[in-house]
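One structure is given below, encoded as structure tokens.
All of the numbers you see were taken from the coordinates with simple rules; none came from a lab. For clarity, every value in this text was computed on a predicted model and none was experimentally measured. Glycine gets a Cβ as well: all are built from the backbone with ideal geometry, and neighbour counts include every protein chain shown.
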Protein chains: 2
Amino acid sequence: MELISSHRCFNGEQRRYRLESNQLNSTTTVGVFLPPDALGNDAKAVPALIWLSGLTCTDENAAQKAGAQRRAAQLGLAVITPDTSPRGESVPTDPEGQWDFGHGAGFYLDAVQEPWSVHYRMHSYVVAELMPQLCTELPLDPSRLGLSGHSMGGHGALVLGLRHPQRFRSVSAVAPISHPSHCPWGQKAFGYLLGKTPEAQQQWRQWDAVALLEDGCHRENSLLVDIGSDDPFLEEQLRPEDLRIACKNNHQRLSLNFHGGYDHSYFFVASVIDRHLEYHAKALGLMA
Amino acid sequence: MELISSHRCFNGEQRRYRLESNQLNSTTTVGVFLPPDALGNDAKAVPALIWLSGLTCTDENAAQKAGAQRRAAQLGLAVITPDTSPRGESVPTDPEGQWDFGHGAGFYLDAVQEPWSVHYRMHSYVVAELMPQLCTELPLDPSRLGLSGHSMGGHGALVLGLRHPQRFRSVSAVAPISHPSHCPWGQKAFGYLLGKTPEAQQQWRQWDAVALLEDGCHRENSLLVDIGSDDPFLEEQLRPEDLRIACKNNHQRLSLNFHGGYDHSYFFVASVIDRHLEYHAKALGLMA
């Protein structure tokens, strides 16, 4: 782990690290906000929220724009913001030259198609490699993890949370891509990373929140999902109604909230971040 | 006024406008956060804080990174974030090709040297043109204005606040360039914009907070100034000790606060923005 930068922020520290990732077969960057409780001579291991960002983001967008540090500092919660894809000259990116796949758009799954499978393993990186690496140097409690994210990162939070209910104690999402097998962003990425044959498309279900719910994945506690009613991607890309129906049919508790007038931007994320932090803080034993 | 974008944020709206500025002899952009009180059918004219940003910033940096909207929405305070210089292909920029003068670095004064004097009139734009333009369309109360800023914008806030004590009811600054005539950033910009001859340098005093205080400018209420103790620009560029002495000698009340471990970044701005908003809200009659 190489410390790239550290800024005092709300009496905690907003840091940026470079990691060597075996899963991604490359170096990657990650943001870590440490609350005051995790600093100083009497530092203690604190719970953490892993925040997965959306299309085109790096590890820095949420750290700079979500405004999570103020409430996280008060709650004693670390906030970990991984990059959204593998990167580097050796990492293939979108053959179509667009921004919705490739660098900045890894979709939080483990690719099986060449050439993507060499690097595009964001699922295994986030679930199995990130916390062990961070915990070698930082006072984080890997047994108390929450998971959240925005847009493509909301998809990641729902999928990883449903696949690993024991690893993440709480799961929430802001404006998530809920049913990627049935929206253009998801279909494009899954087609490249997982393949397009009918057999390959059966594997898509493992990386789709609605399909996972249909196939019986379940979490004990409620999923918290916030969406802006004026989100321009609402119906075509996010498909919250599909999520609502899948949760209902699988008896999965879901708190799905539409917020009047809000769009898909970080101005919406910032407007609801405190309630997500508090949701996770409760599940992680930081507040009653 | 052309509305470029509008995002709901903390039940208010973060907007961006393009204005035609006579003072700047060009178009310019400005951010406006309207609190909930200023929206809807029963909107009322709200007080505003003008926030002047620092070197390299546009109108967007503070809107995206300072995290002011949450508290401003609660207080009923608008936040107006002008760009930091004139811009455009016809606007001359730094002959030295650096980032500390020219586009993104107008230093909030009225230039007298050619070719700068044609466009570089940020002082007159902020003091005399910005609010009348905004008030033609937005429910803002131009009689209740606060002024603040960061770094070069902190210099702007102090200078404009000292020159126009009746126009701005309250003045604060985060990590301001306090004594530009005596620091490299200020000397470079003033040399271009105002001239370098001994006679020209006498005019520098009109645009230097410390010199204005030495020459008798005074405000009734206290100046609030916050600075990070680990700011890498502290001694060479910011020179808060000069400000402290000038205020003391001129019986100008000053609340000068050093914050342990903080640097010059927006992570520091975000960490202290609420106390600045509250300082202005009190002066503007929004809280006791």
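Run through the other copies and list how far each one's label point is from that of A:Ile4, in nm with one decimal, shortest first; the point sits 7 Å from Cα along Cα-Cβ.
2.6
Run the paramagnetic zone check for B:Asn257: 7 angstrom along Cα to Cβ, then residues of segment A:24-52 with backbone nitrogen under 20 Å.
A:36-37
Find how many whole Å separate the alpha carbon centroid of segment B:179-256 from the alpha carbon centroid of segment B:59-75.
Cα centroid to Cα centroid, the span is 26 Å.
In nm, one decimal, shortest first: how far is the label point of A:Ser124 (7 Å from Cα along Cα to beta carbon) from the matching points in the other copies?
Ordered by increasing distance: 6.6 nm.
Distance in whole Å from the A-onto-B rotation axis to the closest C-beta of chain A, together with the residue it belongs to, please.
So the closest residue, with its distance, comes out as A:Gly67, 2.
Calculate, for A:Val112 and A:Lys44, the FRET efficiency according to 1/(1 + (r/R0)^6) with r their C-beta to C-beta distance and R0 56 Å; round to the nearest 0.05.
According to the calculation, E is roughly 0.85.
Just counting partner chain Cβ atoms within 10 Å, what average do the residues of peptide B:257-268 show around their Cβ?
4
For B:Lys188, give me every one of the lysines with a C-alpha distance below 24 angstrom, ignoring sequence neighbours fewer than eight places off in its own chain.
Straight-distance partners of B:Lys188: B:Lys196.
Mind ordering A:24-34, A:75-85 by average Cβ neighbours within 10 Å, highest first?
So the order, starting with the most tightly packed, is A:75-85, A:24-34.
Once phi is turned into θ = phi - 60°, what whole-Hz ³J(HN,Hα) does the Karplus curve with 6.51, -1.76 and 1.60 give for every residue of segment A:7-13, x standing for Gly and Pro?
Result, ordered by residue: 10, 5, 7, 6, 6, x, 9 Hz.
Only counting other Cβ atoms within 10 Å, I'd like A:Ser117, A:Ser178, A:Ser151, A:Ser21 sorted with the fewest neighbours first. Display every interim value, and only then the final one.
Numbers: A:Ser117 14, A:Ser178 29, A:Ser151 26, A:Ser21 22.
Starting with the residue having the fewest Cβ neighbours, the order is A:Ser117, A:Ser21, A:Ser151, A:Ser178.
Calculate the dipole size of chain B relative to its Cα centre from +1 charges on Lys and Arg beta carbons and -1 charges on Asp and Glu beta carbons; express the result in debye to the nearest 20.
It comes to approximately 760 debye.
If each label sits 7 angstrom from Cα along the C-beta direction, how far apart, in nm, is B:Gln166 from its counterparts in the other copies?
Taking the point 7 Å beyond Cα along Cα→Cβ, the inter-copy spacings are 7.5 nm.
State, to one decimal in nm², a quarter of the convex hull surface area for the C-alpha atoms of the protein assembly as shown, i.e. the direction-averaged projected area.
Projected area, direction-averaged: 27.3 nm².
How compact is segment A:173-288 by the rule of thumb for globular proteins, expressed as Cα Rg over 2.2 N^0.38 Å?
1.14
To one decimal place, what orientation-averaged projected area in nm² is obtained for the convex hull of the Cα set of segment A:2-283?
Directional mean of the projected Cα hull area for segment A:2-283 stands at 13.5 nm².
Mind giving me the nanometre distance, one decimal, between the label points for A:Glu96 and B:Gln202, set 7 Å out from Cα along Cα→Cβ?
About 6.8 nm separates the two model spin labels.
Order the peptides B:266-278, A:102-114 from the highest to the lowest mean number of other Cβ atoms within 10 Å of their residues.
In descending order of packing, they fall as B:266-278, A:102-114.
Using Cα centres only, tell me the gap between segment A:4-21 and segment A:113-149 in whole Å.
Value for the Cα centre distance between the two parts: 17 Å.
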